[in-house]
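Engineer: Can you keep this structure in mind? I'll have questions shortly.
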Amino acid sequence: MVAAVVAAAVVALALITASVVYLTRGDSGSEDSAGGAPAPSQSSSSSPEPSPTPTDEPSDEEATDYPTPDAPSEDPDESPSDVPLPSFLLRVGDCFDQSEESEGAIIDRECDESHDAEVVSRKKLTGDYSTNDAVRSKADSMCRTLLRNKAAKQPRGTVGGTLITYPKAKNAGTALSYVTCSLTAGKGKQLSKPLV
């Protein structure tokens, strides 16, 4: 689920960037000829030479850059699950690590692999809050009983802590204003399978 959201965000960003580049192309004020089109140039050779820069028009020649079937594809440096995501994207049952790069960000993990925490509850935060402490207090009250009950059902030694994520006071009541209640194995430890 999180990977699908990331993929959609990447596609949307690419489309926006492509639109901006397309719409601003040629607006630099330096036109090569009247009408903004490049002026034709003389060539000393009668045989077609490859253009050093890409053109907008397709070539009538046959394509020669087919992929090699047995060649391995280049993989990105990071898998999608290693990309830090905002914690408000978490859903009940998601397992994750806390990002060391970005405060409040998480890295999606499989629950049957080593991970920092698992989401037990996710609730919409409503109302207006004047301070971050007021939001923290409300988030704590929303999670306390749920986390205590879920922790009591786990095998002895599995759960050693809780993690509650919530928005800042200025963002409380917005569309992305969620309180996420998670259980952890405790400081310096990790869970290795889904909670029961």
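Engineer: What residues have an amide H closer than 5 Å to that of Ile106, excluding those fewer than 5 places away on the same chain, when H is modeled at 1.01 Å from N in the peptide plane?
Structural biologist: Here the answer is Leu85, Ser87, Ser99, since their amide H atoms fall under 5 Å of that of Ile106.
Engineer: Considering the zone a paramagnetic label at Asn149 would reach in this model (a point 7 Å from Cα along the Cα-to-Cβ line), which residues of the stretch 164-196 have amide N under 11 Å from it?
Structural biologist: none
Engineer: Arrange the peptides 126-133, 156-163, 115-122, 98-105 so that the one whose residues have, on average, the most other Cβ atoms within 10 Å appears first.
Structural biologist: 115-122, 156-163, 98-105, 126-133
Engineer: Treat each spin label as a single point 7 Å out from the Cα along the C-beta direction, and report the Ala175 to Asn132 distance in nm.
Structural biologist: Between Ala175 and Asn132, the label points sit 2.5 nm apart.
Engineer: Now for a different question. For the charge dipole of the stretch 80-184, defined by +1 on Lys and Arg C-beta atoms and -1 on Asp and Glu C-beta atoms about the Cα centroid, which residue among Cys95, Ala134, Ser114 has the Cα displaced farthest towards the positive pole?
Structural biologist: After comparing all options, I get Ala134.
Engineer: What ranking, highest mean first, results for peptides 168-176, 140-148 when packing means the other Cβ atoms within 10 Å averaged over each residue?
Structural biologist: 140-148, 168-176
Values in this text are rule-based calculations from the coordinates and carry no lab data. Bear in mind the structure is a predicted one, so any value in this text is a computation, not a measurement. Note that we place each Cβ from the backbone using ideal geometry, even for glycine, and neighbour counts take in every protein chain shown.
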